Amino acid sequence: MAESASVSVVMLTHNRSARTLRSLGELQALPERPPIVVVDNASSDGTVAAVRSRFPSVGVIELAENIGAAGRNRGVEAVETPYVGFSDDDSWWAPGALARAAEAFDRHPRLGAVHGRILVGADEREDPICAELRDSPLPGDPSLPGTPLLGFLACAIVFRRSAFEAVGGFERQVMIGGEEEWLACDLAGAGWEIRYLPEVVAHHDPPGRDPAARDERRRVGLRNTLWFSWLRRPVASAVRRTLHLARTTPHDRLTLLGFWDALRSLGSQAPSRRVVPPHVEHMLRLLDRPQMESKVRRYVS
């Protein structure tokens, strides 16, 4: 472990060995020399052996089952630095990004998380979600840098470790697909701020998703959105969000399955109901219309 490092990186992976190795190469070349932990969600393609062979200095946590986003919680438990950045197996941080995030945390004790600007693919085009992050309508403490947020993408977020641990990290039952919204609201409810800082840059090079994986992601994402609406928001907001989804999602088998998954598991597999504090619900209401009108937040295949 680099003695001067203040930010560790936790990478979550599942059955994408080649991309994991490529992203680790980028991370190990960073001037910040961050300690790196890979959490393997029960891969069957030799990812663990390949990482240990190619990158012996990288910590590896080999899980016996795929627990989705909650695997990141295990990675955070294994690091010792005050701040921790997440990478997926198809993403990595730009040189200097982690140092800039650490500097913001050092200066602002109420800052719980820093969201970076995302550059996609070999041509490094800006991810369309960045425009929405820059234009966030949320109010926030003017003494803090950047734009206030109530959400994030896990491939481009750096946390204050104490804030992450205090709210319990990612929900186990949610798996992958919209899991960030739950944690963001927990942070805001506990008084922490999330800020978009465009000078903190992350790279993302996602593979072309095969149709089966794409459809599964849409189904789970729709289920999780409905779960969040009914388990974290007041009834009136949940009804409004559900009706919007019923009107705007494709009227096909996948949508029906997503709604059915949410309904049948509300009393068993879903997280327990815990309505967000009033100030967080106010923020969610400010975001409802922009998110409903968003061109990049759609449940279509």
Could you give every pair whose Cβ atoms fall below 6 Å, whose first residue belongs to the stretch 233-257 and is closer than 19 Å to Ser294 by Cβ, and whose second residue is among the polar types (S, T, N, Q) and outside any helix (DSSP H, G or I), counting only separations of at least 6 or pairs across chains?
-> Thr255/Thr249
Filter pass, Val7 being surrounded by 23 or more Cβ atoms within 10 Å (Cβ to Cβ), of a type in the set (A, V, I, L, M), within 30 Å of Leu144 (Cβ to Cβ) and in contact with a Phe, Trp or Tyr (Cβ under 7 Å, 6 or more places away or on another chain) | yes
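Right, Arg54: touching a Phe, Trp or Tyr at 6+ places or on another chain (Cβ under 8 Å) and in the same structural domain as Asp186 (by TED's automatic domain parsing) or not?
The answer is no for Arg54.
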Keeping to the stretch 30-40, report how many residues are on the phi < 0 side of the Ramachandran plot and free of Cβ contacts under 8 Å to residues at least 40 places away in the same chain.
-> 4
Candidate set: the stretch 242-286, residues that are outside any helix (DSSP H, G or I) and of a type in the set (Ser, Thr, Tyr); chosen: the one farthest from Ile67 (Cα to Cα) | Thr249
Which one of the conditions (1) touching a residue at least 60 places away in the same chain (Cβ under 8 Å); (2) in a loop (DSSP other than H, G, I, E, B); (3) crowded, with 20+ Cβ neighbours inside 10 Å does Ser43 fail to meet, given that it meets all the rest?
-> (1)
Quickly run through the stretch 46-63 and pick out the residues that are assigned to a loop (DSSP other than H, G, I, E, B) and under 22 Å from the mean Cα position of the chain (by Cα).
-> Val58, Leu63
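Conditions (1) of a type in the set (Gly, Ala, Ser); (2) under 16 Å from Arg16 (Cβ atoms); (3) modelled with pLDDT of 95 or more, marked per residue:
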site	(1), (2), (3)
Gln28	no, no, yes
Glu32	no, no, yes
Ala49	yes, yes, yes
Gly68	yes, yes, yes
Asp88	no, yes, yes
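The values are calculated or read from the model by the stated rules, or taken from the named source; none is laboratory data. Keep in mind that what you see is a predicted model, and the values were worked out from it rather than measured. We place every Cβ from the backbone using ideal geometry, glycine too, and count neighbours over all the protein chains shown.
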